[in-house]
1. Enumerate the pairs (first residue in segment 101-120 and assigned by TED's automatic domain parsing to the domain that holds Asp188 and in contact (Cβ under 8 Å) with a residue 60 or more places away in the chain; second residue anywhere and assigned to a loop (DSSP other than H, G, I, E, B) and surrounded by 19 or more Cβ atoms within 10 Å (Cβ to Cβ)) with beta-carbon separation below 7 Å, excluding pairs fewer than 6 apart on the same chain, so at least 6 apart or on different chains.
2. Which condition from (1) within 30 Å of Ala21 (Cβ to Cβ); (2) touching a residue at least 60 places away in the same chain (Cβ under 8 Å); (3) out of contact with any Lys or Arg (no Cβ under 6 Å at 6 or more places or on another chain) is the one that His153 breaks?
3. Would you be able to say whether some residue in segment 213-222 is assigned to a helix (DSSP H, G or I) and more than 19 Å from the chain's Cα centre (by Cα)?
4. Leu229 - would you say it is surrounded by 17 or more Cβ atoms within 10 Å (Cβ to Cβ) and closer than 26 Å to Ser105 by Cβ?
5. Run Leu134 past the list (1) at pLDDT below 95; (2) buried (at least 18 other Cβ atoms within 10 Å of the Cβ) and report the number of the one that doesn't hold.
6. For segment 145-200, list the helices (runs of 4 or more DSSP H) that sit wholly inside it and hold at least 1 residues that are touching a strand residue (DSSP E or B) at 6+ places or on another chain (Cβ under 8 Å) and closer than 30 Å to Gly40 by Cα; which are they?
7. With the condition kept exactly as written, say whether any residue in segment 178-193 is under 20 Å from Leu94 (Cβ atoms) and either of a type outside the set (A, V, I, L, M) or buried (at least 18 other Cβ atoms within 10 Å of the Cβ) (or both).
8. So Glu119 clears everything in (1) within 30 Å of Leu20 (Cβ to Cβ); (2) assigned to a helix (DSSP H, G or I) except one condition, right? Which one?
Amino acid sequence: MYDGRRGGPTVSGDGADALLAALRSAHAAALAAGGREPLGLRAVEAAPGRRAYLVAFDGPAFLCLRGDLAVESREAAVREVASASILWERLEALVSPERLHGLASAAGRALAVGAGDAEVTAALGLVGQRALALAEWRGVPGRELAALADVDHAVRLQEELHRSYALFVRASEPMVQAQERLPSELVDALRALEEAAATAGAGARLADQLAEALPGCREAAAEIAAAHLTPLGED
């Protein structure tokens, strides 16, 4: 979320400079409309090409700005933007580049110590590759834009990681059953991999977690609409 008091996020690359300029303009518009300094704001695209900005103030209080930086007056639109923003925050919490890099490193360590037969080795390689692919998606400069279309892509990448880890778990089951006969270094590497996978969320499906979060997102969006600084109507 952009914080104008701190100069906002440090982003660079294609499209990132334009996003940062848009966030600065939205911050100025929110300051003028709200009559006080925003605590933060987020650019949101609930649908491709339909930009809005959700602005938080002390209170708590909120403003929703349309893409043209005019204050949104429709309650349904504010709820849609707020729900998309909150869902994006949930995704950010679930998809951590640091934890995914940790999983990729753990997979690499297990491969280095010789983690079993060809099927286990192949599955481990896929886990590492797909963890890095998801981390790369999450770490793209300019990811401050909460675009629901990007959520679908993240879900697909995480589904590939989830399937790869499930394949590894099935393939390595004989090793787990006979772990008392395995070298201690390998046991430690497999244990570290299991812990890293749990931390990175590889054992769960991102799609299921986001679906479970949706009702709470809608409830929170209704609270945001109720705390909107300007009156909202149905049209």
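The values are calculated or read from the model by the stated rules, or taken from the named source; none is laboratory data. Fair warning: this is a prediction, and the values are worked out from it, not measured in the lab. Please note: Cβ atoms are built from the backbone with ideal geometry, for glycine as well, and neighbour counts cover all protein chains shown.
1. Once the first residue is assigned by TED's automatic domain parsing to the domain that holds Asp188 and in contact (Cβ under 8 Å) with a residue 60 or more places away in the chain and sits in segment 101-120, its partners that are assigned to a loop (DSSP other than H, G, I, E, B) and surrounded by 19 or more Cβ atoms within 10 Å (Cβ to Cβ) give Leu103/Ala202.
2. Among (1) within 30 Å of Ala21 (Cβ to Cβ); (2) touching a residue at least 60 places away in the same chain (Cβ under 8 Å); (3) out of contact with any Lys or Arg (no Cβ under 6 Å at 6 or more places or on another chain), the lone unmet condition for His153 is (2).
3. Scanning segment 213-222 turns up at least one residue that is assigned to a helix (DSSP H, G or I) and more than 19 Å from the chain's Cα centre (by Cα).
4. Working: surrounded by 17 or more Cβ atoms within 10 Å (Cβ to Cβ): yes; closer than 26 Å to Ser105 by Cβ: no.
Criteria not met by Leu229.
5. (1)
6. By residue number, 148-171.
7. Pass one, segment 178-193, residues under 20 Å from Leu94 (Cβ atoms): 193.
Add one more test, that the residue is either of a type outside the set (A, V, I, L, M) or buried (at least 18 other Cβ atoms within 10 Å of the Cβ) (or both), and what stays is 193.
Yes: one or more hits.
8. That leaves (1) as the condition not met.
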